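Following: one structure in structure tokens, then a few remarks.
Read-outs: derived from the displayed coordinates by stated rules, not from any lab. Predicted model, so just to flag it, every value in this text is computed and none were measured. Note that each Cβ is placed from the backbone with ideal geometry, even for glycine, and that neighbours are counted across all protein chains shown.
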Amino acid sequence: MKQIALYGKGGIGKSTTSANLSAALSLMDLDILQIGCDPKRDSTRMLMHGSFIPTVMDLVRTRGDAAISLSDIVFTGFNGVRCVEAGGPEPGVGCAGRGIIATFQLLEKFGDLKGDVIVYDVLGDVVCGGFAMPMREGYAQEIYLVTSGELMSLYAANNICKAIKRLASRAKSKCRLAGVICNAKGEPREEELVREFAERVNSSLVEYIPRDRVVQLAELNKKTVIEYDPASAQAARYRSLAARVMENTRMTIPTPLEIDDLEHLAYRYI
Amino acid sequence: MTSNTSPTDISRFRGCTLTGALSVTTHVRDAVSVIHGPRGCSHHNLSLLHATGLENDRVSIPELISTGLSETDIIFGGEETLRRTLESAAGRDVRAVYVLSTCIIDTIGDDVCGVCAGDYGIPVIPVPTAGFLGGSFQDGVNNALTAIAGTAPLSRKEAGINIIGERNLEYEVEENYREIHRILTNLGLAINIRFLHTSSLDQISLLGAGRLNILREPGLVPVGEYLRQRFGTPYIASFPLGLSGTLTFIKTVSRACGVDGKRVAEEEQSLQEEILNEFSDIRGTPVVFDQTPDDPESIHAAEEAAGMLRLKFGNIANLQAIPAAPSVGTHGIRRMLHRWRRAIHA
């Protein structure tokens, strides 16, 4: 079983990438579980044809965890991909990070934290120990950073490298950096920049996903690109990403950059 | 973000902020304390308060209610649970509720003051007590005294003196109070209220009428300042320690209350001489302090008494170890000298 997590700056396209990756993996005859780890709860929406599935935390809040069954929280989407949304408290109260932990524990209790691949789609940044949870305790062992060539996006990716490096130093940790996915904004020389960033942090660029209008068209039709336009070049990119994820054996402990070095790197690609 | 670090000394008087606040709020007889946090915070404190109460011959179980927070409350916020607990607490036979926060509550950011501002039919008073913010036991005491003092009305000054911030958990709390009572009685001064030690809300409402506040210890100066601003009451920063310290205390109180304390000071000095004569059997004994206390006033008071008995300090092996732990006033020194005698003759 492969357990992978996608981390990156908010709005960079983690959920789009995750959903298309899960869809592409499912077409390789693999059993896929995608867990949205963001109170925004929109990670699995395109796999579920536009519907927001009930979140685990909403059910815990309204019913209490004792009254929840597996069928209440796991929903089957495109091509059999199993979908879970952790959800969280109302913005501004409570502890969303603890909600992520409680969701994993509930899935483990049901024995359903399983499959050929589990894809954790985690919110913007590692804001606290709770959101680092997928990287801890042996859940996600392969971390993919999703970034564009924009400095702030690289900055967030570099920060996550720091978290991985820290967690990898723990005795029983299996958490490693598996690669960088460039979800491009369409800037000039963007692929070269992200490739160099990936190498500088002791990893590699696993896929370059260009900006393409088909992504917006698919979303407006409430589908992943894989389902909406399987013949498109973009769908081929996602299938290529899926194949590389399955072949990938290069797991590294990252070497995050100093902020000056990161800015200097970005400056060279203006 | 707080720049305080948590205290490294975890003795009773430096420990948890919550415990400090509870050492005050559980001494209000007709009120109940609600601890907003997991059950363990209440269990631990109940055990500690009960055990230390027994040491002082108090067998009452403190009035504590826990909101009993679960993981679900932590994830979604504990405000609703607090509201329900307060409604239930207000339905008891009490006249006020004190609400004490815990570390986890200030981590997840519950609006405790907002929930306490609701209408429960009786006063519901929040006391900030999250220990991880760097506060000590003393900060908990001060926060509780300040919060409760804020509920006492402004009133016309009367003749009595307020005793502020007794260490309710200390062994000899009553003996120390009686020593202050003795000295004030000698000066012809009456005590208005003890703020607070097994107090009722009616007694607490008289807080503003005191003409002078005598603080138990200098750590209570922030409370003394608050009371000075709220009620216009001057304060003396500490109970007296040591022989000369007690004579100075008599002078300070006399001056503050406009009474002639000369005769009382002279009589006190005679009493001190009598007491030293009682202990002439240990005069000149070679000794060493068993451990150095952490406050300079205690060291000074112990060294002063040892000097008057001409005890000889040295680093030679086999010296008798005596405790440098004076209690309040002249009789506090007497009790310490009894301990010295027992150690020397052991």
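Residue exposure proxy: A:L145, B:L187, ordered by other Cβ atoms within 10 angstrom of their Cβ from fewest to most, comes out as B:L187, A:L145. Roughly speaking, what is the centre-to-centre gap between segment B:179-213 and segment A:226-252 when only Cα atoms are used, to the nearest Å? Measuring centre to centre over Cα atoms gives 80 Å.
For segment A:89-100, 3J(HN,Hα) computed residue by residue from phi via the Karplus equation (6.51, -1.76, 1.60; θ = phi - 60°) reads x, 4, x, x, 10, x, 9, 5, x, 5, x, 4 Hz, glycine and proline entered as x. Taking other residues whose beta carbon is less than 10 angstrom from the beta carbon of B:V28, and scoring Lys, Arg as +1 and Asp, Glu as -1, yields 0.
What dipole magnitude, in Debye to the nearest 20, does segment B:171-216 give about its Cα centre under +1 on Lys/Arg Cβ and -1 on Asp/Glu Cβ? Using only the charged Cβ atoms, the result is roughly 180 debye.
Here segment B:161-266 has an Rg and Dmax of 13.1, 39 Å, counting Cα atoms alone. For the pair segment A:60-97 / segment B:56-131, the C-alpha centres are spaced 29 Å from each other. Its residue count N fixes a reference of 2.2 N^0.38 Å for chain A, and the Cα radius of gyration divided by that reference is 0.95. Residue-wise HN-Hα couplings along segment B:18-27, as the Karplus relation 6.51 cos²θ - 1.76 cosθ + 1.60 with θ = phi - 60° gives them from phi, are 4, 4, x, 5, 5, 4, 9, 5, 6, 8 Hz; Gly and Pro carry x. About its Cα centre, segment B:17-149 has a charge dipole of approximately 280 debye under the convention of +1 per Lys or Arg Cβ and -1 per Asp or Glu Cβ, with nothing else charged. A protection proxy built from the mean count of other Cβ atoms within 10 Å ranks the segments B:127-134, A:180-187, B:267-274, A:157-164, most packed first, as A:157-164, B:127-134, A:180-187, B:267-274. Pairs of Cα atoms in chain B fall into 20 Å distance bins, from 0 up to the last occupied one, in shares of 28, 52, 19, 1 percent. For segment B:144-197, the Stokes-Einstein estimate of translational diffusion at 25 °C and a viscosity of 0.890 mPa s comes to 197 µm²/s, using the Kirkwood hydrodynamic radius over alpha-carbon pairs. Cross-linked pairs A:K40/A:K222; A:K9/A:K162; A:K40/A:K114; A:K2/A:K172; A:K109/A:K174; A:K2/A:K174: Cα-Cα separations exceed 19 Å for A:K40/A:K114; A:K109/A:K174.
Using the rule -39500 (n - 2.57) for each DSSP H run of four or more residues, divided by the residues of chain B, the 222 nm mean residue ellipticity is -14000 deg cm²/dmol.
Packing here is the average count of other Cβ atoms within 10 Å per residue, and on that basis the peptides B:74-86, B:169-181, highest first, run B:74-86, B:169-181. List every residue whose amide H lies under 5 Å from the amide H of B:I191, counting only residues 5 or more places away in sequence or on a different chain, with H placed 1.01 Å from N in the peptide plane. Close amide H contacts, sequence-distant or interchain: B:I161. Using bins of 10 Å that start at zero, the share of Cα-Cα pairs per bin across segment A:176-225 amounts to 26, 39, 26, 9, in whole %.
Give me the mean projected area, in nm² to one decimal, of the convex hull enclosing the Cα positions of the protein assembly as shown.
Details: hull surface 146.2 nm².
Hull-based average projected area comes out at 36.6 nm².
Taking amide hydrogens as placed 1.01 Å from N in the peptide plane, the amide H of B:L212 sits under 5 Å from those of B:N162, each at least 5 positions away in sequence or on another chain. For chain B, the dipole from Cβ point charges (+1 on Lys and Arg, -1 on Asp and Glu) about the Cα centre works out to 800 debye, to the nearest 20. When the charge dipole of the protein assembly as shown is built from unit charges on Cβ atoms (+1 for Lys and Arg, -1 for Asp and Glu) and taken about the Cα centre, the candidate among B:L145, B:Q229, B:G242 whose Cα reaches farthest toward its positive end is B:G242.
Each listed q (0.12, 0.14, 0.20, 0.21 Å⁻¹) maps to a log10 I(q)/I(0) for segment A:115-230, found by the Debye formula over equal Cα scatterers with no solvent: -0.49, -0.66, -1.14, -1.20. Computed over neighbours whose Cβ is under 12 Å from that of B:A325, the net charge equals -4, Lys and Arg +1, Asp and Glu -1.
For B:Q320, the residues whose modelled amide H falls within less than 5 Å of its own, excluding neighbours fewer than 5 places apart on the same chain, are B:V288. Each residue of segment B:258-263 was assigned a 3J(HN,Hα) from its phi angle through the Karplus curve 6.51 cos²θ - 1.76 cosθ + 1.60 (θ = phi - 60°); the sequence is x, 10, 8, x, 4, 5 Hz, with glycine and proline shown as x. Which whole-angstrom value gives the distance between the alpha carbon centres of segment A:6-50 and segment A:201-223? One Cα centre to the other: 12 Å. For the segment A:97-103, counting C-beta atoms of other chains within 10 Å of every residue's C-beta and taking the mean gives 3.
Taking a Cβ cut-off of under 15 Å around A:K172, the surrounding Lys, Arg, Asp and Glu residues balance to a net charge of +4, with basic ones at +1 and acidic ones at -1.
Both radii were evaluated on the Cα set of segment B:5-112; the Rg over Rh quotient, with Rh as the Kirkwood radius, amounts to 0.98. Once the cut-off is 15 Å, how many percent of the Cα-Cα pairs in segment B:258-346 end up in the long-distance tail? Roughly 59 percent, rounded to a whole number.
Counting beta carbons within 10 Å around each of A:K9, B:K157, A:K174 and listing the fewest first gives the order B:K157, A:K174, A:K9. When A:M48, A:M28, B:M336 are sorted by how many other C-beta atoms sit within 10 angstrom of their C-beta, beginning with the fewest, the order is A:M28, A:M48, B:M336.
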